[in-house]
Structures are given as structure tokens and as C-alpha cells.
Amino acid sequence: MEWMGKLLGLDPAFYSGKGHALIQGSASEAVFIVVAAARYRTLKALEERHKADPAEVSQRLVIYASDQCHSCTEKAARILNIRYRALPTDSTCVLRAETVLRAIHDDQRQGLIPIYITSTFGTTPTAAIDDIDGIADICEEHGLWHHVDAAYAGSSLVCPEFRPLAQGYNRADSFSSNMHKWLLVHFDCSLFYTKHREVIKETMSVVPNYQRYREYDEGKVENLSDYQIPMGNRFRALKIWFTVRSYGASGLQRFIRYHIELTALLHHQIAQDDRFEVLNRVDFGLICFRITPAVALSATNQSRAGTVNGHAEDAETALTAANRVNWGLFDHINASGVYLSRGYIGRKFIIRVSIGSFKSDRTSTDLIWDTISRCAREVLDGTVTC
Ligand SMILES: Cc1ncc(COP(=O)(O)O)c(C=O)c1O
């Protein structure tokens, strides 16, 4: 974990001194643990300082993430019975610091106690990057626990040139990234780092007498179950050890940079073609694209009336046509043996290409592009109906 902390450019405060690093099974478990820790920390402080009743305070806690973040924060809130707010993102799917500040002020006016936020480095739908640095300012000022969820894009941080994109990540209280997503280690291997070892331990530690032994009581050995949900633990560090020893730092960097080059190439091919538009900012290995509404509408009108009706169509009609044609394209591509995923940005249906497998190479990206291009032609000329 220390090797990986160094490779990811993490502040040593995350894995030494009062920090703590542990491989978790999933990013969702990491988020669950830190939300529980944030609650524990607040209840303890209010009880000690103000003799507050934990049961009463519990009902007033609130946590935040963005409307683009992974569902694990909402799930943690639900399991822990804490109020949850999905804060709105801007037109580029980014959570802005001012939005967070406004939510904190609104909630405080209503007597609520904001305790925690997840900011995301590489959101699940579009790989957008929240304003981590701005959010860190607010968390420091208002005492919120700030977790950076870098489940997918965190792997890019092994390359120093990507670290400015995550500016502020070293100011967070905790950080997690899944090596099993994009860094050559197979499932499961979620790197979890926090600067608050003791808070996590006090939150998670339940030591039954059958697990009590002298060395533990004397503080000579760690019990990993003090920092995680399960009691038992797989030897997951071994697969990281083999990966790092086999590839070395430069090999891991080459792997990430190669994928980003392949993605840039594919991005260029899609963006250069007038039939398509790319709807996300492509920093990593994810491209979100669609056939444009104008092209979709034109194809729809041609197939219905045999003429191109380039005007008198409103935005709603164009959106409906684009969503329908792009669903058709998505189904057609996937039936052709190239497997892409889908999603929405707002109400816009998008097709997602992700380059991140150890087998990804120029041959596979060429195949993806040829398939997208051919399937689009067949959907638009009506060879394939949708
Ligand atoms: C940003 C982000 N966070 C969390 C997760 C959840 O990961 P896990 O399956 O490890 O809980 C994902 C999964 O796609 C993700 O993209």
C-alpha cells in the first residue's frame, strides 16, 4: 500500500503516522466505512463537547455527493440511516464548490448538521472530475469529512502529468481507487487510504474474546478487522506485489499512457465524423458519444416521409429522434460483437466506449471504430430498423 501510495502521488499522511491504508474489496465498502466514521466522529465530538444526545443528533446529520456520483454514497446513507443529498452538477457534469457551500448553508439554516461529502475523480457515467480543490476548501472550513472517490480514474495518477487534474486530492480525509478497474490487478483490489486511523478503528472495531490475544492488547500487532467490515481477509497484497514487481512504475505508466493514446485516436475518429458528437471531456479512457440530433432527425424524416425536413422541428422532437436512433445504434453495435455500454447525460442517451483492458490495442480500437461507423451507416440508411 505504501508503494501504491507513492506511485499515486499520495501524501504520506495517508499511509504513515496517523494515516491508514488497507486493501478493501470495493470502493463501495470504502465509502461505507468513511461515512460511518464521519458519523462516529461527529456524534462523539458533540457528545463530549456539548453533552448532545447521539440519538437526537443522528436524526439531523446530512451527507452529500453529486447527481453524477456512483450510487455507493447513497447506499451508505441508506444503510446508516443518514439524510443524503445528490447535489446538482453543471453542464459539464462537474460538482462545483459553490453548489456545495449553498447546500451546507441551506441545511444549516434548517438545523441540519452536514458531516461528509464524496467528490469524484472520474465519475461513473462520463468520467467527469469534481472541483476537488474547491470542495476541500469548504470541507476544511466547515469540518466535513471529504472522501475522494477515484475508483476508476485514480489509476491515471501513477502518471505525474495527470495529477493536476485531481488537484486537491491530497487535502482529502480519505481516498480510494480500484486497481481492478484499470491497473492490471484482477478483481477485487480497492486501495483505501485515510488520514484518520484512530477514527476508523474506533468506528469499526469490535473485538470478541475469541479474537483477543496478548500481542493485540499490547498494541504489537494489527487486527485488520478493526478497519473493515469482514473479519477475515484475503491476501490481496500479493497480487499488487507481483504486478508492481513485474511491470515496475514505468511499466504501469506506459500501460496507462498507451490507453490514453488509443482513446485519443478513437476520440479523434468519432469527433471528425459529422454524424457523431462526443459529449464528455475525454481525459482518460472513456468516450461518450451519440449520433447528432440533426442527423438522427434527418434520418427519421427520410424514413417516414421520404423527404428531408430540415426545419419546423422543435428541440423535443430532435431529442426523441436522437434517443431512439442512438438506442438502435447501441443495440446494433452490441449485436455485432463489439460490446459498448450506454447511459444518459441529462435526458440525452449516450453510447460509452471504455479503453482499459490489458488486451486493448490498435487492432481492437480499429475494430471498434469500423463497427461504430458501419452500424451507424446501416441504422441511418434504414438497412436496420430501430
Ligand atoms: C466512481 C465509482 N465509484 C465507485 C464505484 C463502485 O465500485 P465497487 O464495485 O468497487 O464498489 C464505481 C464503479 O463503477 C465507480 O465508477
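The values are calculated or read from the model by the stated rules, or taken from the named source; none is laboratory data. Just so it is clear, the model here is predicted, and its values are computed rather than measured. All Cβ positions, even for glycine, are placed from backbone atoms using ideal geometry, and neighbour counts span all protein chains on display.
When Ala136, Ala97, Ala166 are checked against the criterion of being within 16 Å of the ligand (Cβ to nearest atom) and at pLDDT 95 or above, a single residue qualifies: Ala166. Here is a check on your reading of the model: is Arg281 at pLDDT below 95 and of a type outside the set (Gly, Ala, Ser)? Judged against the criteria, Arg281 is not a match.
Within the bounds of region 326-342, is there any residue that is modelled with pLDDT under 95 and among the charged types (D, E, K, R)? The answer is no, given that none of the residues of region 326-342 is modelled with pLDDT under 95 and among the charged types (D, E, K, R). The residues in region 21-54 that are away from the ligand (no atom under 16 Å from the Cβ), polar (S, T, N, Q) and in contact with a helix residue (DSSP H, G or I) (Cβ under 6 Å, 6 or more places away or on another chain) can be counted, and the count is 0.
So which residues in region 198-219 are touching a Phe, Trp or Tyr at 6+ places or on another chain (Cβ under 9 Å) and either part of a helix (DSSP H, G or I) or of a type in the set (S, T, N, Q) (or both), if there are any at all?
Residues of region 198-219 that are touching a Phe, Trp or Tyr at 6+ places or on another chain (Cβ under 9 Å), as a first pass: 199-205, 207.
If the condition is that a residue be touching a Phe, Trp or Tyr at 6+ places or on another chain (Cβ under 9 Å) and either part of a helix (DSSP H, G or I) or of a type in the set (S, T, N, Q) (or both), then Val199, Ile200, Lys201, Glu202, Thr203, Met204, Ser205 are the ones that fit.
Figure legend. Inter-residue proximity from region 113-132: first residues closer than 21 Å to Gly346 by Cα, second residues among the basic types (Lys, Arg) and more than 10 Å from the ligand (Cβ to nearest atom), beta-carbon distance below 6 Å, spacing 6+ or different chains. Indicated pairs: Asp131/Arg96.
Right, Asp188: acidic (Asp, Glu) and more than 15 Å from the ligand (Cβ to nearest atom) or not? Answer is no for this residue.
Can you pull out the residues in region 169-197 that are assigned to a loop (DSSP other than H, G, I, E, B) and hydrophobic (A, V, I, L, M, F, W, C)?
The initial filter retains those residues of region 169-197 that are assigned to a loop (DSSP other than H, G, I, E, B), namely 172-173, 183-189, 195-196.
Once the filter is applied, which keeps residues that are assigned to a loop (DSSP other than H, G, I, E, B) and hydrophobic (A, V, I, L, M, F, W, C), region 169-197 yields Ala172, Leu183, Leu184, Val185, Phe187, Cys189.
Contact annotation: residue pairs with Cβ atoms under 9 Å, 6 or more positions apart or on different chains, pairing a residue in region 147-158 that is more than 18 Å from Thr73 (Cα to Cα) with a partner that is of a type in the set (Lys, Arg), are Ser155/Lys181; Ser156/Arg163; Leu157/Arg163.
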